[in-house]
Each structure stands twice: as C-alpha cells, then as structure tokens.
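The values are calculated or read from the model by the stated rules, or taken from the named source; none is laboratory data. Computed from a predicted structure; not experimentally measured. So basically every Cβ, Gly included, is an ideal-geometry build from the backbone, and we count neighbours across all protein chains shown. Each accessible area value is taken on the protein alone, full model and side chains, heavy atoms only, with ligands, DNA and RNA left out. Shrake-Rupley method; radii C 1.70, N 1.55, O 1.52, S 1.80 Å.
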Amino acid sequence: MTTRPAETAGPPADDDSRRLAELGYKQELRRTWSGFSNFAISFSIISILAGCFTTFGQAWNNGGPVAVSWGWPLISLFILIIGFTLSELVSAYPTAGGIYWWAAKMGRPVHGWFTGWLNLIGLVAVTASVDYGCATFLNLTLTATVDGWDGTLRQTFLLFVLILAAHGLINIYGHRIINLLQNVSVWWHVAGAAAVVLILILVPDRHQSFEFVFTERFNNSGFADGATSGWTFWIYVLPLGFLLTQYTITGFDACAHVSEETRGASLSAARGLWQSIFYSAIGGWILLLAFLFAATDVDAVNEAGGFSGAIFESALTPFFFKVVIIISTIGQFFCGASCVTSTSRMTYAFSRDGAVPGWRLWSKVNRNGTPRNAIIGTTLAGLVLTLPALYSSPAGVPVAFYAVVSVAVIGLYLSFLIPIALRLRMGDAFRPGPWNLGRRYKLLGWIAVVEIAIISIYFVLPIVPAGVPGNPDFTWSSVNYAPIAVGGVLAGVAIWWYASARHWFTGPRRTVDQPTDEVSPAASAEAADRTETD
C-alpha cells in the first residue's frame with residue numbers, strides 16, 4: 001500500500017475543511033477526533049469482546065472447533081482484503097456518507113441509492129445485534145448475582161431496550177466525551193481480552209488437546225443427520241459457521257462515517273480502517289483459541305446450544321465465571337455506543353442528500369454539532385428490527401438473534417461490494433488519495449467482490465432444519481428472516497426508485513459552491529503529508 005511521507009504533527013482543521021468543501025460539503029460536525037480515535041471506533045464496533053462471545057455458538061454448532069481455529073484466520077484474511085480496498089476509497093473521499101457517497105460519485109445516483117440503503121439497514125442491524133448480545137450477557141450476569149432474577153427472554157428484551165436507550169442518550173448528551181469513550185474502549189478491549197485469556201489458561205484444572213482444537217468437527221445444526229463429512233457438511237454446514245468471523249469483523253466502515261470529524265482524515269481514516277481489522281483478527285483468534293482449549297465439558301456446551309457462557313461456567317470457578325462475563329458485557333456496552341455513533345452519522349449524511357423519508361428532520365444537527373434526531377431514529381429502527389427476538393425458537397438456538405446478525409452482514413457487505421466493483425470499473429480513471437493500493441487494486445478488488453458475493457448467498461439460507469419451508473417441524477420462529485428483511489427493504493427502495501426517486505435523487509448534494517465538479521484528493525494529500533506516520 002502507498003502513502004506519502006508524513007510527519008508527526010496533525011494538519012490544521014482548515015485543510016480538512018477545504019478538502020471537504022472540494023467534495024461538496026461545509027463543515028458542520030465538530031472535527032475533534034484524532035487518528036487514534038478514528039481507529040478506536042471501528043476497533044470498538046468490531047469488538048472481539050462482543051462477537052466472539054455472542055456468535056461463538058454459530059461456529060460451534062456448524063463445524064465445531066475447526067470452524068473457529070481454521071475458519072477465523074481464513075475469513076479474517078478475506079475481510080482484511082476488503083478493508084484494504086475500502087481504505088483506498090476513504091483516503092480519496094473522506095466524507096461521512098462514506099460507502100454510498102463513493103458509489104454515487106464513481107457510478108450514478110442509482111448506485112448511491114441502493115448502496116446507501118444497504119449500508120443503513122446493515123448498520124441498524126449491527127447496532128441491534130450488539131445491544132441484544134449485551135443484554136443477553138447482562139441478563140446472565142444478573143441471573144448469577146441477583147436473587148429473584150430469572151433471566152427470562154422478556155427480561156433480556158427489557159434490558160435490550162434499556163441499553164439501546166442508554167446508548168442513544170450517551171450519543172446525544174455526551175458529545176464532548178464520545179471520542180474519549182472510543183479511546184477508553186480500545187484499552188478495555190485489549191486489557192479485557194488479555195485478562196480473559198489469562199483466566200482461561202490459569203484457572204481451569206485441565207484443557208483440551210491441540211488435536212481437539214485444530215481437528216475436531218461437530219455438526220449440531222440438524223442438517224445431514226449430524227454428519228461431519230460429505231458434501232452437505234463441507235459445502236453447507238461448515239460455511240454457516242463462518243458467520244462468527246464475518247459478523248464479528250464488521251462495522252469497520254465507521255472510520256469513513258466519522259471522517260468529517262477526524263483530523264487528517266485522508267490518511268487517518270484509511271489507516272484506522274484496515275488496522276482495526278488487522279488487530280481485531282489477531283486478538284480475536286487468540287481469544288477464541290483460549291475458549292476452545294477451555295471447552296473440556298463438550299456435553300455442557302452442546303446442551304447450551306454452543307453458547308460460550310457454558311464454557312466459562314463449566315471450566316471456571318463461580319467468581320472467575322462472573323469476572324469473564326462482566327468483562328465481556330462492559331466491552332459490548334462500549335461497542336453498542338460506538339455502533340449508534342456510526343449509524344447516526346450515516347443516517348445524517350444520507351438524509352443530508354435527501355434520500356431518507358423525513359430527511360429534513362434526520363439531517364439536522366443541534367448547537368453542539370450532534371445529529372440528535374438521527375440518533376433517536378436509528379435506535380428506534382434497531383428496536384423494531386429485533387422485535388422477533390421476543391419469541392423463542394423450539395430449535396434451541398437463538399434464531400432471531402442470528403437472523404439480525406445475518407441482516408447486518410448481508411447489508412453491510414453488499415454495500416461494500418458496489419463501490420469496490422465501481423472502483424474496478426473505473427480503472428486508471430480513479431484519482432487515488434494519499435493512501436492507495438497502486439496496481440494491486442485489481443487483484444484485491446476482485447477477491448473482495450467474489451468473497452462478498454459468496455457469503456451473501458450463504459447467510460440468507462436457513463440456519464436450522466425447522467426453518468426450511470416444507471420441513472415437518474417447520475416453525476416461523478425458526479426462520480432466518482434475513483432474506484425477508486433485506487429483500488423487503490430492497491424491494492421497497494427499488495419500487496420507490498423507479499416510481500419516484502429516480503426523478504429527483506441526484507446523489508450527493510453540494511452544500512458549498514464549487515467551480516468544478518471534479519473530485520481531486522490533492523488538497524487532502526497535502527494535509528495528510530503532515531499527519532502521523534503509520
């Protein structure tokens with residue numbers, strides 16, 4: 001990857017504002033975030049203390065230890081490649097609209113329209129899934145520590161609503177400390193993950209063998225009668241287990257969504273994006289391997305539907321079990337707050353260009369430079385999306401939660417695919433920023449496109465046999481409603497586009513006068529020359 005020589009001093013905000021003006025916008029959000037804070041928000045949203053804990057069961061049931069020990073590094077490599085391609089784009093176009101802005105500028109308004117809606121539904125689903133996961137672990141903590149707390153499904157949902165509301169309030173009224181919270185979150189994740197690994201190494205009386213961790217296969221999905229060989233296992237069941245990695249390492253486009261608040265964004269946001277993936281991949285793999293080595297009571301984990309909490313409860317003393325759960329819960333709380341920040345910025349930017357119904361309401365910022373209405377709207381949307389979680393699945397796994405997770409993965413990664421493909425189409429006509437891939441963009445871009453296309457197919461498929469229409473045990477509560485949610489939104493915005501929006505949606509709207517529509521990263525490169533080194 002290519003960057004220009006850099007010094008340690010950050011560029012003045014005026015240089016960033018000038019670059020933003022070249023892209024068509026005046027500076028409305030407060031540009032107070034450092035490069036580390038920009039990295040921190042994506043690192044916090046990826047949150048190995050969230051996804052590794054809440055989605056572990058998906059890999060355990062669909063492939064077992066090999067889906068984790070081998071699947072995690074393999075899928076992480078593909079995600080890092082996707083991150084490289086997006087880093088090049090945010091370096092050239094550092095705007096809060098991020099993904100959809102790139103698509104509209106490199107393609108046509110229709111590309112920006114569908115990219116924006118896919119990205120928005122993906123971000124809403126990420127927020128909802130993270131906060132519901134946080135509620136699940138808080139519910140477990142309260143069950144273990146508070147007499148009379150039963151840990152019911154409705155209590156989990158109540159906690160989810162309270163956590164979602166808390167994150168909304170923090171983002172509205174904590175505008176002066178939001179970037180500081182991202183920095184604190186990074187260190188909590190680093191120290192917390194290290195503490196969990198040490199606990200799982202030192203406290204259990206015994207551990208699993210290397211053979212178990214790196215070769216053992218499970219099939220608790222219900223498909224193929226539990227077989228761990230044959231084409232059904234390798235082609236269908238095991239790839240479903242990869243949802244653990246694909247979901248955990250997502251939301252890294254947050255670096256783009258807060259780029260209008262970041263100093264030296266053309267370099268800082270690009271570095272923050274790929275580095276958040278890289279360090280999360282390493283830390284997450286170490287953490288997950290510690291889970292597997294501590295999973296000595298396989299029957300207990302199976303009976304819990306692969307829930308990671310069963311590992312800690314069976315391997316640790318009650319005290320250390322509570323410590324691990326609390327560390328994860330706090331990490332997930334930080335993650336959820338960051339998700340609301342990122343989602344609200346995307347909503348604000350997309351509304352600023354008139355694409356969201358009621359756009360005048362959602363594009364307003366208060367006197368503190370905070371998109372308050374966008375924050376409220378995105379939290380309410382996350383609540384509505386998660387309503388099916390009120391109904392339990394007889395399949396014994398949290399199908400509704402995994403469905404929300406699938407919505408997040410499909411929405412976000414499809415929104416990544418469109419600008420990556422448009423970048424490939426542009427070829428040498430693309431004018432890169434100070435951080436770019438050089439001639440490697442073709443190879444990396446095509447790898448990214450193919451990987452996204454494949455995973456988008458897998459994660460709309462049924463998760464359990466009871467979710468397959470025509471199955472004797474079919475129940476609607478077992479259905480993976482990701483294709484319904486994503487497909488419904490896409491159908492709605494497609495109808496809206498052809499019936500109305502194509503006549504008035506012209507892509508990003510300029511809020512400042514500019515004598516030419518040419519988008520050049522020259523001023524940004526000059527500013528980035530003075531930002532911190534890699």
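For region 225-234, the criterion of being free of Cβ contacts under 8 Å to residues at least 40 places away in the same chain, within 25 Å of Ala281 (Cβ to Cβ) and among the acidic types (Asp, Glu) is met by no residue.
Scanning for something of a type in the set (Gly, Ala, Ser) and farther than 30 Å from Ser478 by Cα, does region 443-463 turn up at least one residue? Yes, there is a match, as at least one residue in region 443-463 is of a type in the set (Gly, Ala, Ser) and farther than 30 Å from Ser478 by Cα. Only a single item in (1) touching a Lys or Arg at 6+ places or on another chain (Cβ under 6 Å); (2) among the small types (Gly, Ala, Ser); (3) at pLDDT 95 or above is not met by Ala448, and it is number (1).
Every condition in (1) open to solvent by 10 Å² or more (accessible area, probe 1.4 Å); (2) in contact with a Lys or Arg (Cβ under 7 Å, 6 or more places away or on another chain); (3) over 24 Å from Asn480 (Cβ atoms) is met by Val66 except one, and the failing one is (3).
Number of residues in region 24-59 that are crowded, with 24+ Cβ neighbours inside 10 Å, closer than 12 Å to Asn179 by Cβ and either among the aromatic types (Phe, Trp, Tyr) or at pLDDT 90 or above (or both): the value is 2. With respect to the conditions (1) at pLDDT 90 or above; (2) within 30 Å of Ala300 (Cβ to Cβ); (3) of a type in the set (Gly, Ala, Ser), Ser415 falls short on a single one, namely (2). Within region 131-152, being open to solvent by less than 50 Å² (accessible area, probe 1.4 Å) and without any contact (Cβ under 8 Å) to a residue 24 or more places away in the chain holds for Asn139, Leu142, Gly151. Looking at region 373-391, can you tell me whether even one residue there is farther than 29 Å from Trp188 by Cα, out of contact with any Asp or Glu (no Cβ under 8 Å at 6 or more places or on another chain), at pLDDT 90 or above and not hydrophobic (A, V, I, L, M, F, W, C)? Looking through region 373-391, at least one residue is farther than 29 Å from Trp188 by Cα, out of contact with any Asp or Glu (no Cβ under 8 Å at 6 or more places or on another chain), at pLDDT 90 or above and not hydrophobic (A, V, I, L, M, F, W, C). Of the residues in region 100-156, how many are more than 24 Å from the chain's Cα centre (by Cα) and over 22 Å from Ile418 (Cβ atoms)? Residues meeting the conditions: 15. Gln155 passes all but one of (1) part of a helix (DSSP H, G or I); (2) in contact (Cβ under 8 Å) with a residue 24 or more places away in the chain; (3) open to solvent by 10 Å² or more (accessible area, probe 1.4 Å); (4) among the polar types (S, T, N, Q); which number fails? So Gln155 meets the others, but not (2).
Residues of region 324-361 that are at pLDDT below 90, out of contact with any helix residue (DSSP H, G or I) (no Cβ under 6 Å at 6 or more places or on another chain) and surrounded by fewer than 22 Cβ atoms within 10 Å (Cβ to Cβ): Gly354, Pro357, Gly358, Arg360.
Checked against the criterion of being in contact with a Pro (Cβ under 8 Å, 6 or more places away or on another chain), within 23 Å of Asn220 (Cβ to Cβ) and assigned to a helix (DSSP H, G or I), region 309-324 has at least one qualifying residue.
Working only within region 96-115, note down all residues that are in a loop (DSSP other than H, G, I, E, B) and over 17 Å from Arg271 (Cβ atoms).
As a first pass, look at region 96-115 and keep what is in a loop (DSSP other than H, G, I, E, B): 96-98, 107-108.
If the condition is that a residue be in a loop (DSSP other than H, G, I, E, B) and over 17 Å from Arg271 (Cβ atoms), then Ala96, Gly97, Gly107, Arg108 are the ones that fit.
Gly445 fulfils the conditions (1) surrounded by 15 or more Cβ atoms within 10 Å (Cβ to Cβ); (2) not hydroxyl-bearing (Ser, Thr, Tyr); (3) not in a helix (DSSP H, G or I) except for a single criterion, (3).
The helices (runs of 4 or more DSSP H) located wholly in region 206-303 that include 1 or more residues which are more than 28 Å from Trp102 (Cβ to Cβ) and open to solvent by 10 Å² or more (accessible area, probe 1.4 Å) occupy 210-215, 238-241, 265-294, 298-303. For region 362-382, filtering for residues that are within 19 Å of His175 (Cβ to Cβ) and open to solvent by 30 Å² or more (accessible area, probe 1.4 Å) leaves 9. Here Ser308 passes the criteria (1) out of contact with any His (no Cβ under 9 Å at 6 or more places or on another chain); (2) within 23 Å of Ala254 (Cα to Cα); (3) crowded, with 23+ Cβ neighbours inside 10 Å; (4) not hydrophobic (A, V, I, L, M, F, W, C) except the one numbered (2). Scanning region 422-439 for residues that are small (Gly, Ala, Ser), open to solvent by 40 Å² or more (accessible area, probe 1.4 Å) and either closer than 15 Å to Val450 by Cα or in a loop (DSSP other than H, G, I, E, B) (or both) yields a total of 0.
Somewhere in region 315-323, is a residue surrounded by fewer than 19 Cβ atoms within 10 Å (Cβ to Cβ) and under 28 Å from Leu86 (Cβ atoms)? Scanning region 315-323 turns up no residue that is surrounded by fewer than 19 Cβ atoms within 10 Å (Cβ to Cβ) and under 28 Å from Leu86 (Cβ atoms). Give me a count of the residues in region 475-491 that are within 19 Å of Tyr236 (Cα to Cα) and either open to solvent by 30 Å² or more (accessible area, probe 1.4 Å) or not hydroxyl-bearing (Ser, Thr, Tyr) (or both). Qualifying residue count for the region: 5. Of Ile249, Ile235, all but one fail to be farther than 20 Å from Cys52 by Cβ and within 30 Å of the chain's Cα centre (by Cα); the exception is Ile235.
Quick one: would you say Ala128 is touching a His at 6+ places or on another chain (Cβ under 8 Å) and either modelled with pLDDT of 90 or more or open to solvent by 10 Å² or more (accessible area, probe 1.4 Å) (or both)?
no
Taking residues in region 463-479 that are outside any helix (DSSP H, G or I), and partners anywhere that are polar (S, T, N, Q), the pairs with Cβ atoms closer than 6 Å and at least 6 places apart or on different chains are Ile463/Asn480; Val464/Ser478.
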